[in-house]
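Heads up, the thing below is written out as structure tokens.
The values are calculated or read from the model by the stated rules, or taken from the named source; none is laboratory data. What you see is a predicted model, and the numbers here were worked out from it, not measured in a lab. All Cβ positions, even for glycine, are placed from backbone atoms using ideal geometry, and neighbour counts span all protein chains on display. Side chains included, ligands, DNA and RNA excluded: accessible areas come from the protein's heavy atoms. Shrake-Rupley method; radii C 1.70, N 1.55, O 1.52, S 1.80 Å.
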Amino acid sequence: MQRLYTTLIALIATISMMAQGWPANYDGVMLQGFYWDSYSDSKWTVLESQADELSQYFDLIWVPQSGYCNTLTMQMGYLPIWWFDHKSCFGTEAELRSMINTFKQKGTGIIEDVVINHRNGNTNWCDFPTETWNGKTMTWSLADICKTDECSRNGYSPTGAAESNTNETDFAGGRDLDHTSKHVQDNVKIYLDFLLNDLGYIGFRYDMVKGYAPKYTGMYNVSANPKFSVGEYWDQSLSRVKSWVDGTTVDGVIQSAAFDFPLKYKINNAFQFGNWSSLAEKTLTTTDGYARYSVTFADNHDTGKNPANTNDGPLSKNICAANAFILTMPGTPCLFLKHWMSNKGTLKRLIALRKAAGITNQSEILTAESCGGGFILVVQGSKGKLRLHVGPVGEITFNNPVDMWEEAIKGKNFELFSSKDVDLTTLKAITEEDFKPEDDTPFTIPEFCTVSEGEICAFFEAPSSWKTPIKCWRWDNQYNYTGNQWPGVTCTKIGDSPRGNSVWKWTFDASYKKAQSSPNQGIIFNDVQQINGTGNQTADLPFVNGGYYYQNDGLMGTVTPTAIRSVKTDSNQSSAKVYTLDGRLVSSDGSVDNLPKGVYITKGKKYILK
């Protein structure tokens, strides 16, 4: 009996030591401690000098790949050469070790950027250096490189297997390692052991995991047993990212989290282009059972250097609102160093509020829905609830008693409330202002923009560089409302804005309604040169009747139909007409009893019917 008991204890200990991908109910917040070319801001000594401040807010800090790349300048580490020599443009190995240890003593773990999909040679394309650590010597040969690597077309003869993941093409920047090879696997295991147990990293961020099958990440994590592991599976497809997470499973246990790239695309669609309803679409974070394995972010080093105003590019507006969103959501939020540097005061308050409410990577989302052109998110933490409004949501009718909530933080296009049981002492003690505060001046729609009752229309303030006249393309799943002949119909110029730009109006003409099918819906504005395919155009924007769209920023507000604006707001008025957001009269006596759930306008205010 004693022997059985001892065996059970040993089994439980073994299971508890097994890598679990990412801790359950984790309440930590992560910082990406670099951006592309951050050679000054991300030096090990610079980060260490900020340890007292950063450790108050961040439980994890992800740093660049720290191995030597045969240069100490202008090298971000994504073409690794040496695995056991860790001097780099960010500092010496001694400085790296000091930085890791300083943060460890303050309760913050450092995440290493692990680049094992590919590698560069020391003096030529393929001569990976021989290295020894802890009595183990690591050697390499052409048999460790995928035979499909481009070096095979440039004078070398690699004999490894073909790429192990069919979703990824050959990476031309370095030699693709053959992870089906036991020799490669053994070398990687030694390397990861060194990172954790010699340098002192607490976990891994795996770079470019599309390049090899997810089962190898699972294998490596079982061997190394990091507390934290997250893969960069860059794809907006939820099914593919979810499949990668599942693919890391070993003995029924998921071995790694993943960055929620599908959410990044939704964030850009909403916070960059004004399509707030996209936040209701499924992501890794909102898929049952996967929030624990989701690392959320608003920007990273790669998206930060992509072209602006693209679906996977950097946020240039609503940065604080986007960070408020990921810091209210379940999953583990990863903040971007550039955002931290420019908006530190707001982000400190948002992190403090998340901690105060007890939001974890597995907290329950109670409400997530579009509302009045914006979005409402309510999340239950272990110490209370948070309620976030993002976008031009206007005046919101609470579905809980108003006295249940307290306004905690307010910024441009976001307002965050906490339930009264949340202790806001830490939050209120933060007095720091943002270095680069976002402009919170309300966007003013020119007074000459008017909408008649029952009119279907939209307004567009065009960049001065666009060629006029402006064209409109408007469609949904069944019809095109602008003639179905690209680039659409010509808008009417109605004036010049206070900013000096021309303002154009599109009004629906039933004669232009054409049957067609489409997987999505929206509105696009473009300039006259699009006829020749060389002009400018906006992204696919959400259509809101009376919507006012500003340059490439998307929906900025809504022009209310004249009949709605004229509704009296006298509290003694016994009844008032009720309209939908697109101006349709649905009730003449003020009654909403028989109306479906939705957002309505009555007495000059928005009203949410639950």
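The table below gives the values:
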| read-out | value |
| --- | --- |
| 3J(HN,Hα) from dihedral phi, the stretch 95-100, Karplus parametrisation 6.51/-1.76/1.60, rounded to Hz, x for glycine, proline | 5, 4, 4, 5, 4, 4 |
| The stretch 264-338-the stretch 43-109 distance, computed between alpha-carbon centres (Å) | 26 Å |
| 5 angstrom amide H check on residue 145, placed H, neighbours 5+ away | 159, 160, 178 |
| Under the Karplus curve 6.51 cos²θ - 1.76 cosθ + 1.60, θ = phi - 60°, whole-Hz ³J(HN,Hα) for the stretch 452-463, x wherever Gly or Pro sits | 7, 4, x, 6, 10, 7, 7, 10, 9, 8, 8, x |
| Computed E for residue 453/residue 280 - FRET, C-beta separation, R0 30 angstrom, nearest 0.05 | 0.55 |
| Computed E for residue 73/residue 367 - FRET, C-beta separation, R0 56 angstrom, nearest 0.05 | 0.65 |
| Accessible area of residue 504 in the full protein assembly, 1.4 Å probe (Å², nearest 10) | 20 Å² |
| Proximal aspartates and glutamates to residue 215, defined as alpha-carbon separation beneath 16 angstrom and excluding residues fewer than eight positions away on the same chain | 163, 168, 178, 186, 207, 232, 246, 251 |
| Rounded if a/c under 1.5, otherwise prolate or oblate - the stretch 122-219, Cα gyration tensor axes | oblate |
| Carbon/sulfur fraction of accessible area - the stretch 406-530, other protein chains in place, 1.4 Å, % | 46 percent |
| The stretch 42-182: C-alpha gyration tensor shape, a/c 1.5 cut-off, then a/b vs b/c | prolate |
| Nonlocal amide H pairs with residue 366, under 5 Å, H built at 1.01 Å | 378, 379, 380 |
| Per-residue HN-Hα couplings for the stretch 172-180 [Karplus 6.51, -1.76, 1.60; θ = phi - 60°; Hz; x = Gly/Pro] | 7, x, x, 7, 7, 6, 8, 6, 6 |
| Within straight-line cross-link reach of residue 514, aspartates and glutamates at Cα separation under 18 Å, skipping those fewer than 8 residues along the same chain | 476 |
